[in-house]
Every structure is written in C-alpha cells, then in structure tokens.
Amino acid sequence: MHEFLRSQNLGGTAPLQESLPNEIMAKTAQPLTESDIFNIVIGTAGHIDHGKSALVRHLTGIDPDRLKEEQERGMTIDLGFAPLMLGDGRRVGIVDVPGHERFIKNMVAGVTGIDAVILVVAADDGVMPQTREHMDIMGLLGVTRGVVAITKSDIVDEELRELVIDDVRRYLEGTFLESSPVICTSTVTGGGFEEFQEALQLMLDDVPHRSVDGIFRMPIQRVFSAKGHGTVVTGIPISGRARVGDLLEIQPGEMGGRVRGIQAYHLPSESARAGHSSALNLSDVNYREVQRGQVVVAPDTFRPGSLIEARLQCLTSIRRPLKHLSLVRFHVGTAEEIGRVAILDKGSLAAGESGYVQIRLDNPIVVAPGDRFVIRLHSPMITIGGGEILGSSRWRLKSGKEYVLERLREKEKSVGEASMTLANLVKDAGSHGIARDELKRSSLLQAAEFASVSKAMMDDGEILELSKPVRYIHREGIERIQERILSVLREFHEEEPLRLGMPRGHLEKKTGVERQPVEMALAKLIESDRVATEGREGIRIKEYAVRLAPEQQKIVEKILEIYRETGFATPRPEGLSEKVGEPVEELLPLLRYLVESEDLVDLGGGVILASESIKEASRIALETIQLEGELTVVRFKGLLETTRKYIVPLLEHLDDLGVTVRDGNRRFAAAGINTPATRKEGGSGL
C-alpha cells in the first residue's frame, strides 16, 4: 500500500500539492485493522485563544495548526486533526476547530461526524460568546457526551479557578454537558492531565460505537494532491465502509474513481469506516474539481437535491422570530450553502420554537434522513437554529397544507426505521409507483436488508408490485385510486342514469391514472364487491341499477317490439322516431340502454338488431354451412331476405363472436363450433 499521506493534519480548504518524504512512514508499516481504531471521533469547542490547540498538542504530541498563518498568528483558522493513543493501544481521532466567530463555518464542518466533545474554557476568561455559540451548535448537531477542560489554570489563583468552575457549571445547567466532569488543566505544568485523561477514557467507554452498516458516505473536509499518488480526500465517514479497490463517486459532480489507498491516523488502513477519520487516495479524479462540502459515496446511491425537508428548532437566544423565506446559511456535513427557509406549519418561528420547514438552496447538496444541520442568518452571521433532515422534495411544498404536514410527520417517524422509510418513498411516488432500482437507491439500505424488508412489506400487502416496468405502489395509493374510481363512477351514474356501466377505457381516462394501477385497484373493488362488471366492458357501482320511469318503460317495450318484428330490416334511429312517435334525442339514450342490456345488438353504421335476430341468423348460417359446406354474402342475403347493408355487418359480427370464420368471400364454421347435425341436444350453437 502506498504511503500517500504524511498525516491527517496536512492539507487545507484549498487544494495543496503535497510532497511526502519516505521517512514519514516506513514502507513496511502494517496496515491498521478495524480493531486497532476506536471508531469514535472527538471534537474540540470553545472561544478563541482558550487553548484548544494547545490541549490537543499536549494530548497527542501533534500540532493541529498545520497552516503557516496559524502558526505565525497563534490562532486556529481551519480544521486540525490528530490521533490520540488510548491506554489500550487503540487510536481515536480528535478534530480541532477554530474558535474565532469569522471561522464558524469551518468549525461546523469540523464537527460533522463527531461523537463527543471537549469543551475548552480558559481560566482567565470564563464562558465567552463563542463558548456559547459552539455549545449551541453541538446541541443542534446532536452531540450528547463530552468533558470540560478548564485551561490555563496555572495563570490564575485558586479563588479565581473556583469562580470559573462555578461559572461554567451554572452555564452548563440544562445542556447535554450538565453532568460532565469539569477538570482544571495546564499545558505548561501538565497539571490536571492525568485526571483529565481518566475522565476522557471513561467518557469514551460510554459513547456508543458508530455502526458501519449502511451505504458508504464521507463528507469531504480537505482535498489535495500528493506527489506521485494523485488526489487525496479526507473526512470522517458517516456511514458504511470502503476498501481499497472500491469504486466511489464524488457528489455533487458525478466524478468517479477507485480507492488506491486508505490511511487512518497516520498509518495505512485496511478500510475507511464510520467513525474513522480517514484519507482516501482516489484514481481518475482531478483534485482541482473537488472541494470541501462535496461527499464521497458508494456509486449510484446518494443524489444531490436543493429542496430539503426538515424539522427546525430555533435557539432560545435568538432576538427576533425567524420569518418565512428568510435568507440563511445552511450547514450540513461539511457543506455550506445559501438558501431560504420556507416555514410550512406557521407564519414564523420564535425563540425556542420548532416547526417543519423546507430549505430551498441555491445549489444542490447531498443529505440523508436523520442528518443534523445548522442554519445561520445570511447577515449578520448569527446561529439561529438547526435540527434534523427528513428528506428531499422534488417540488416546492406549500405552507399551511395539512396533507404536506401529515407527510412530514410520517417522515419524521420513519427516520432510522427501514420499513417506514420504504413505505414513505413508495407513498411519495404516488399512483405511478416507483421502480425497484430507484426505491433501492433512495432507501439507502444495503442489498440484503432492502430485499428482506421489501419482501416482508409485499407479503403483508403494504406495497404492491406492478409490471412493465417492474415497480412498487403503496397500498394507500391503490386505496386512493379506488376512491377516485368510485367517485368517477358515481358522477357517471348521475350524468348518465340510463347507462348500465361506464366503459373501462373511459374510466382510465377519467381517473387520470395509467392502466396498470387502475386495473389493480379495480380488481380489488370487484373482489370486495363494491364494483360490478356489466357486459364485456361496463363497470358500475355494485348497488347501482338503471330505474326507468313508467313512460320510459313503455317506450322501451315498444322499441323492442319494433326491432323483433322487423327482423333483419330494422329501422335506423330516425325511422324509429317516426314509428314510436318520440324525438330522436329521447330515443338514443334508451337505445343505448337496450344495447348495454344486450336486448339489442349494435352492429355499427346505424344497423341495430334484436338479440333474438342475432341468434336466428347464427342458426341459419350454421345450418347452411352444414348442408352446403360454406356460406357467402349473396347466399346469406337471400336466406334472410334483406340487403347487403345488414348482411355484411351481421356476418362480421358472427366472425367476432367466433361462430364463423372468413376465407375470402366464403365463410365456414369456426373451429369448435358444432353445426346443427352434430350438435348435442339442448345446445345453443353459440
């Protein structure tokens, strides 16, 4: 494995060309195994010039201030990294952050992925503005454990030290560090460090280890080019694991490359995993096109988005309510983007209030449900709140809409719960459904877990599978389509009271849903006896029935009598109007009713026959074929004593029914049809 990185305290926010002397690392160095690394990362926090870097230097023997300007000015500007060797020989990473208010964005980027904090307060200063802001940010990012170091304790007397300790303890009341140890230290005399390291070890023993489950994702903290090795990116993986040879992507940007080498804490490592401060040497990636804020991910998994759904908690210290569509700086992972906050459940958010929001960013970023974020005003740059990412949107959400808020409540409940996550993704896809591969990618589940969870949900009927192409639709989606179908049918029955049922093709158009989900919803309605079929293509609500008025019933009986009597020379609607004595526009709905009820048969072109006439024609056709071997138009016209206008559509109808088959100008009995001579007694011949 190549020695491609001198140490993790090299590099910067701007790409640097690094030369790596061989003496930094012996080529025979054995790669670190996962058991060599305590997969927990600690961050520092505190006001400028309170001794954070000096504390890290004393603990690790490494100066985290790597930039020349930092060393000259004695002020941390960017992130510093150093490995701490624990008593049992394992390594844990420390991220040293700048304390100056001008570099808060670097501080936020540094604490991404940390599991615990060392809060540093100088004995000669006490709690200061950036002490408070750093603590606010740590709380917003979900940090729950830490220790407190009172630094520079050698330059104040005992009385002042006690006053500072009391000041710090009062400030920490109600925070996540309320019960944490507060220990006085001095990097000059070494005083207090034995007690501090014991407290640090106890705290680390209590911190849950990062799970390496999930898809690999590492926000980029630094990038540079190592001479002879190419692009190196560093950061703390949030989830998953990557190994040498893996293909990875950088998003946004869709750049891809293979992992040529991995280092963790100065040494080659067999993997980069959640909770390891890591450096990846990537092939085929131009370091000039990579910057802090981008994310290294497993291929075809995370996709950038610019509409972010979230639960936002405002700090109790903000002076004015946060207004709808306020311009903010949005910090998540190592990214900072400008955007506006759309407040979805109220007009504004006052100090201490929380609510559902959509962050509308100028540029897309990579996030996942459960990620923590911080927002600061665009100007002045004041931290005003933060919270938890719930998901990404494909469109702008409307404020004050209950259905929007209900979906966000469901997403909030589903964070970290695989089946609920899948359910929400399928629900969001609506009536069209979501392709299997897209669902798998969006779920951010590993293949085995996705297969297991999705199968269980299908077995339970929560999600249903559509084909061509294969995709999933949620049970609630089918239920909504069912309600839409019932609504369309009710409307149809009101507008067309003489229609027995609505044609299926019209139903699909009216619902505005494509055929497969409509057919699935319709099948379930029929199965549950809420909808019934009528004839070949008609659909009606189960309890619906055409109810003719007495006058309409008389007209219907008269129409049937006329069509039965006229046999194969029936009148057109215009002629029927004269015979019945009713206007054509009043007869047409009744004619359609008789056709749908199969008392009449519409052959097209204005030719309508009684169903009894169709049966008679079928009998005559088959008897003729039996006796003469075939049937022609001319012969059939003579047998029925009618004209070609009736015979041609009638024969085509018999073909459609499967009674006859056409061969040129002749017709024969269709296969499987018994002619009268061979028909069993009692058969209809149809």
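Calculated FRET efficiency, residue 410 and residue 552, Cβ-Cβ r, R0 45 Å, to nearest 0.05? Write down the numbers at each step before the final one.
Working: r = 51 Å, r/R0 = 1.13.
That pair, residue 410 with residue 552, gives E of 0.30.
Counting neighbouring Cβ atoms within 10 Å and putting the fewest first, the residues 189, 421, 533, 334 line up as 189, 533, 421, 334. Helices of the chain meeting both criteria, an alpha-carbon length of 27 angstrom or more along the long axis and an average Kyte-Doolittle score not below -1.0, with helices taken as full DSSP H segments, are 475-495. 3J(HN,Hα) couplings calculated from phi for the stretch 321-338 with the Karplus curve 6.51 cos²θ - 1.76 cosθ + 1.60 (θ = phi - 60°) are, in sequence order, x, 7, 8, 4, 6, 5, 7, 9, 9, 9, 10, 8, x, 9, 8, 10, 9, 8 Hz; Gly and Pro show x.
Counting Lys and Arg as +1 and Asp and Glu as -1 over every other residue whose Cβ lies under 13 Å from the Cβ of residue 444, the net charge comes to -2.
Can you give the local net charge around residue 542? Use residues other than it whose beta-carbon is closer than 11 angstrom to its beta-carbon, Lys and Arg +1, Asp and Glu -1.
Values: positive: 530, 540; negative: 529, 534, 543.
Summing Lys and Arg as +1 and Asp and Glu as -1 gives -1.
Charged side chains reduced to their Cβ positions (Lys and Arg at +1, Asp and Glu at -1) give the stretch 417-547 a dipole of some 360 debye around its Cα centre.
Could you work out how much longer the chain between residue 529 and residue 420 gets when fully extended? Use 0.36 nm per residue separation minus the Cα distance between them, nm to one decimal. Working shown, then result.
Numbers: separation 109, 0.36 × 109 = 39.24 nm, distance 3.05 nm.
Stretched fully, the residue 529-residue 420 segment lengthens by 36.2 nm.
Which order do peptides 487-497, 554-564 fall in by mean Cβ count within 10 Å, highest first? Before the final figure, lay out the partial values.
Values: 487-497: 14.7, 554-564: 16.7.
In descending order of packing, they fall as 554-564, 487-497.
Based solely on its DSSP helices, what 222 nm [θ] is calculated for the chain when runs of n ≥ 4 H residues each add -39,500 (n - 2.57) and the sum is averaged over all residues, nearest 500 deg cm²/dmol? Only helices count here, giving -10500 deg cm²/dmol. Each of residue 395 and residue 243 was given a label point 7 Å from its Cα along the Cα-to-Cβ line. The distance between the two points is 4.5 nm.
Among the chymotrypsin sites (Phe, Trp or Tyr not before Pro) within the stretch 343-452, those in coil by DSSP and having at most 14 neighbouring Cβ atoms inside 10 Å are 395. Averaged over residues, the count of other Cβ atoms within 10 Å places the peptides 520-529, 590-599 in the sequence 590-599, 520-529, highest first.
Amide H contacts for residue 326 (H built 1.01 Å from N in the peptide plane; partners 5 or more residues away or on another chain; cut-off under 5 Å): 341.
The label-point distance for residue 176 and residue 327, in a model that sets each label 7 Å from Cα toward Cβ, rounds to 3.2 nm.
For the chain, relative contact order (Cα pairs under 8 Å, six or more residues apart, normalised by length) works out to 8 percent.
Quick one: compute a quarter of the convex hull surface over the Cα atoms of the chain and quote it in nm².
Details: hull surface 176.1 nm².
Taking a quarter of the hull surface, the average projection is 44.0 nm².
For residue 40, the amide hydrogen comes within under 5 Å of the amide hydrogens of 93, counting only partners 5 or more places away or on other chains and with H modelled in the peptide plane. Inter-label distance, residue 348 to residue 451: 5.5 nm, where each label sits 7 Å from its Cα along the C-beta direction.
I want the local charge near residue 186. Using Cβ-Cβ distances under 10 Å, sum +1 for each Lys or Arg and -1 for each Asp or Glu among the other residues. Around residue 186, the surrounding residues sum to 0. Proximity of backbone amide H atoms, modeled 1.01 Å from N, is registered between residue 392 and 309 at under 5 Å, excluding neighbours fewer than 5 places apart on the same chain.
A short reminder: the numbers here are calculations on the coordinates, not readings from a lab. What you see is a predicted model; the values in this text were computed from it and never measured. Counting neighbours? That spans all protein chains shown, and the Cβs are built from the backbone with ideal geometry, glycine included.
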